[in-house]
Amino acid sequence: MSELISYEEASRLLISHIPPQRRTTVSLSQALGRVLCCDIEANQDVPAFDKSVMDGYAVRSGDMMSAANTARVVGEVLAGELPDFSLGLNEAASIMTGAPLPSGADAVVMVEKAERLDNSKVILYASAQSGENVAFRASEVACGDVVLNRGQLIEAAQIGVLAMFGKTEVEVTESPQIGILPTGSEIVEVSENPGIGQIRNSNAPMLTAQSQQLGLMPIVYPVITDDIDTTRSALEAGLEQVDLLVLTGGVSMGKHDYVPQVLQSMGVDLIFHKVAIKPGKPILFGRRGERLVFGLPGNPVSSFVTFELFVRPAIRHWMGHKSPFHVEVEACLERAVCNEGDRDFFAPGKAAFAQDGIAIDPVETKGSADLVAFSRANSLIHLGACCGELAAGTLVKILLLRQPGPQEEG
Ligand code: AMP
Ligand code: MG
């Protein structure tokens, strides 16, 4: 199958072929960036005791009706201590932030509003309402409340919440094992000096980094030559070992682009091959059982872009992320761009936060091999097929590949 399909259709097909999510348990230190598989319920009240949120004096609010009150200091409570006394009429206790309130107390006067006269007396220059500077037991969370939801992404704050309730392990969706397999008889390893006609394998380290940004650690295979038998045995070995195999090169119309035919001969269903996008038109997506294969075009910019457009969403969907695709946001063109072609054009651009939104400056490149120029971009400008010339000032849709800075950073 090698019909040219639209970007939207390819995206839809992609998502409909991702295998069902599997569960796994990871330690709290490995949970960042993962998606929760179950609701997390509080196994205790928060706070677990009535506590002071200020350094000051614990009081009975009823004793504190005027603007200046003299109280007898009957004790001191440090954080981590349990007070073994209670407050009577006109009595106060020195108390630290986070310390439990002595019984009888229902408010705290901050230390800045207190003048200690001697060991046993303090003047409190404030009235106090019940509950002032106090966090009562269960006022934030009651035992049994759901504090994190199934399907929620675990970011730094969620790690903190899990830690609050003693969760040293957490059930999350499993990440796929990804493999990266570069093809091309002209490709040499990064440490080698390319001879005439040869080119270094820049794709594998780049795609590895893109995978690492999603929290995955890929298996990187050695480059294979453009030869049917070598291709078949490498693909078989790869599909045995990994959930998601990403090939680069060998998917176009060249005489030695064997990947599509070899995949088909191995029983891999080609879900799509060739999408109406630029760069990356020859992209291939296949599936055999629960294993997925991507054939990315070898040109470095095409490899990069098709990873972001298809491989990343596949991984994110597999991992249970609710919005697997890059979100498209509106940005204002700084300079004119043009797409006369009949494919969606994902043009590199440099986005920056401007006063009234996001400004996007197109980055000029010499085409899909020009990774050096492309590397200056932080976004892809999504130009619809045949949209023609769009003047500076036009609002366009962009995919942010990373967070832009302010405009003056240049
Ligand atoms: P292909 O998709 O195999 O036709 O390759 C397209 C272009 O990308 C060719 O110029 C290749 O030399 C180049 N290319 C293929 N694989 C890689 C790679 N792993 N790293 C850098 N460039 C590559
Ligand atoms: Mg090739």
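The values are calculated or read from the model by the stated rules, or taken from the named source; none is laboratory data. Keep in mind that this is a model prediction, so the values were computed, not measured. Backbone-built Cβ (ideal geometry, glycine too); neighbour counts: all protein chains shown. Note: areas computed on protein heavy atoms with side chains; ligands, DNA, RNA excluded. Shrake-Rupley method; radii C 1.70, N 1.55, O 1.52, S 1.80 Å.
Based on Cα contacts under 8 Å between residues 6+ apart, the stretch 1-157 shows a relative contact order of 34 percent. For the residues SER16, SER368, a 1.4 Å probe over the protein chains yields an accessible-area ranking, largest first, of SER16, SER368.
Amide H contacts under 5 Å for PHE49: ALA138, restricted to partners 5 or more places along the chain or on a different chain, H placed in the peptide plane at 1.01 Å from N.
In terms of accessible area, using a 1.4 Å probe and ignoring ligands and nucleic acids, ASP63, ASP84 rank largest first as ASP84, ASP63. In the assembled protein chains, VAL188 presents an accessible area of approximately 10 Å² (probe radius 1.4 Å).
Only helices reaching 30 angstrom along their own axis (Cα) with mean Kyte-Doolittle hydropathy no lower than 0.5 count here, and not one DSSP H run of the chain does.
Placing +1 on each Lys and Arg Cβ and -1 on each Asp and Glu Cβ, with no other charges, gives the stretch 269-410 a dipole about its Cα centre of roughly 740 debye. Over the chain, dividing the summed -39,500 (n - 2.57) contributions of all DSSP H runs of at least 4 residues by the number of residues returns a 222 nm mean residue ellipticity of -4500 deg cm²/dmol. Ranked from largest to smallest solvent-accessible area, with a 1.4 Å probe on the protein heavy atoms, GLU340, GLU308, GLU76, GLU186 come out as GLU340, GLU76, GLU186, GLU308.
To the nearest 10, the accessible area of PHE353 is 90 Å² with a 1.4 Å probe.
Mean separation of Cα pairs under 8 Å and 6+ residues apart, divided by the residue count of the stretch 67-224: what relative contact order is that in percent? Contact order relative to length: 16 percent. Given a 1.4 Å probe and the protein chains as shown, ARG72 ends up with an accessible area of around 130 Å².
Rolling a 1.4 Å probe over the protein heavy atoms of the chain, with every protein chain left in place, gives an accessible area that is 50 percent carbon and sulfur. Per residue, the solvent-accessible area of the stretch 268-312 (1.4 Å probe, heavy atoms of protein chains only, all protein chains present) comes to 22 Å². Return the subset of LYS255/LYS350; LYS274/LYS350; LYS255/LYS322; LYS274/LYS322 for which the Cα-Cα distance in this structure is over 32 Å, preserving the input order. Exceeds cut-off: LYS255/LYS350; LYS255/LYS322. Charge dipole of the chain (Cα centre as origin; +1 on each Lys and Arg Cβ, -1 on each Asp and Glu Cβ, all else neutral): 600 debye, rounded to the nearest 20.
Straight Cα distances below 22 angstrom link LYS113 to the lysines LYS51, LYS121, with same-chain residues fewer than 8 positions distant left out. Eigen-decomposition of the gyration tensor built on the alpha-carbon atoms of the stretch 274-390 gives equivalent ellipsoid semi-axes of 26, 18, 13 angstrom, largest listed first. The mean sequence distance of close C-alpha pairs (under 8 Å, at least 6 residues apart), as a share of the length of the chain, puts its relative contact order at 15 percent. For LEU245, the residues whose modelled amide H falls within less than 5 Å of its own, excluding neighbours fewer than 5 places apart on the same chain, are GLY179, LEU292, VAL293, PHE294. In the chain, a dipole from Cβ-located charges (positive for Lys and Arg, negative for Asp and Glu) runs towards its positive end, and of VAL46, HIS256, LEU14 it is HIS256 whose Cα lies farthest in that direction. Positive-end ranking of GLY131, ILE95, PRO324 along the dipole of the chain, with charges on Cβ about the Cα centre, is headed by PRO324. Each Lys or Arg adds one and each Asp or Glu subtracts one; over the other residues with Cβ under 13 Å from the Cβ of LYS113, this totals -3.
The distance linking the stretch 335-410 with the stretch 71-115 is 61 Å (Cα centroid to Cα centroid, whole angstrom). For the stretch 351-358, 3J(HN,Hα) computed residue by residue from phi via the Karplus equation (6.51, -1.76, 1.60; θ = phi - 60°) reads 8, 8, 6, 9, 4, 10, x, 9 Hz, glycine and proline entered as x.
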